[in-house]
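The values are calculated or read from the model by the stated rules, or taken from the named source; none is laboratory data. Nothing here was measured: the structure is a model prediction, and the numbers come from that model. Neighbour counts run over all protein chains shown; Cβ positions are idealised from the backbone, glycine included. For accessibility, only protein heavy atoms count, side chains too; no ligands or nucleic acids. Shrake-Rupley method; radii C 1.70, N 1.55, O 1.52, S 1.80 Å.
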Amino acid sequence: MMIPDGDRRRESPETETVPILANGHEVDALWFRSRLIDWGRDHFRSFPWRVTNDPYRLLMAEVMLHRTQVRQVLPVYKRFMELFPDIAALARATRESIHDVMRPLGLHWRIDLVADMAADIVGRFGARVPSDRDELLSLPGVSDYIASAVRCFSFGLDDPLVDTNTVFGLPVKPSSRRNKRFRELLDGLLDRESPAAYNYSLLDLAHLICLSRRAPECGRCPLLASCATGAARVAVAT
Ligand code: SF4
């Protein structure tokens, strides 16, 4: 995954404001995207599943990353792809062999889901991971987050990506991630030209700064000026 050049956005004199729910001000979405993607280009975390757009690899990586640390996933993912390089190979594998590879990740219930998912993709979709949201969500073990990640990072579709970590970087905190106005905010902020770069940057910002153990890190954050959480953290620290 290469982070696209954000120079064009940075030089643009235009603004594109997005109404904010909680604190009554607006955020310039062009500023937000430019700051985020510029930062993300310099801090991109390169993992094997981020240097491919193969939807099978992205799908398996997202399933493994569910509630699991990246450092645990890395060796398992590499071994998994050596043994099962495509969906057909996975569908032919025995459940025991899949269990053997994925056992170090814990959450053993998802191992059977992976086997069921492979059989379903072969049986209903001709061994091709679908890009349609409803079809993805119809697969065993595919959550809303996983469907969005596969659609964005594999197929380049402009799906917002929101989980408990990425909401840190947003200008307001949602009372519920299903809140309609919050979803509109997400849609308004998302970079439609570079959705993968935008979403990867948001993920990396959350992991490298928002959730840093050397708190508070908000003082060096590119989004501090628009961040409700950051403003509160800085106020407490001073
Ligand atoms: S200001 Fe702080 S909480 Fe907000 S996005 Fe930046 S690091 Fe995260």
Exercise. So which residues in region 87-128 are under 20 Å from Ala147 (Cβ atoms) and either in contact with a strand residue (DSSP E or B) (Cβ under 6 Å, 6 or more places away or on another chain) or open to solvent by 70 Å² or more (accessible area, probe 1.4 Å) (or both), if there are any at all?
Worked result: Trp109, Arg124, Arg128
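Output the residues belonging to region 145-167 that are assigned to a loop (DSSP other than H, G, I, E, B) and either in contact with a His (Cβ under 9 Å, 6 or more places away or on another chain) or open to solvent by less than 40 Å² (accessible area, probe 1.4 Å) (or both). If you could, list the steps in order and put the result at the bottom.
Taking region 145-167 and keeping what is assigned to a loop (DSSP other than H, G, I, E, B), we get 156-165.
Residues satisfying the conditions are Asp159, Pro160, Leu161, Val162, Asp163, Asn165.
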For this session: Taking Val142 as the residue in question, decide whether it is among the aliphatic types (A, V, I, L, M), not in a helix (DSSP H, G or I) and not assigned by TED's automatic domain parsing to the domain that holds Lys180.
Result: yes
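Yes/no matrix, rows are residues, columns are (1) in the same structural domain as Ile111 (by TED's automatic domain parsing); (2) not hydroxyl-bearing (Ser, Thr, Tyr):
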site: Arg41; (1), (2): no, yes
site: Leu59; (1), (2): yes, yes
site: Glu62; (1), (2): yes, yes
site: Val73; (1), (2): yes, yes
site: Tyr77; (1), (2): yes, no
site: Asp86; (1), (2): yes, yes
Problem set entry | Residue satisfying all of: in region 205-221; buried (at least 20 other Cβ atoms within 10 Å of the Cβ) and within 24 Å of Tyr145 (Cβ to Cβ); farthest from the ligand (Cβ to nearest atom) among these | Leu205
Problem set entry | Meets criteria (open to solvent by less than 50 Å² (accessible area, probe 1.4 Å), small (Gly, Ala, Ser), closer than 20 Å to Arg50 by Cβ and at pLDDT below 95) for Gly141 | no
Exercise. Does any residue of region 133-149 turn out to be in contact (Cβ under 8 Å) with a residue 60 or more places away in the chain and in contact with a Pro (Cβ under 6 Å, 6 or more places away or on another chain)?
Worked result: no
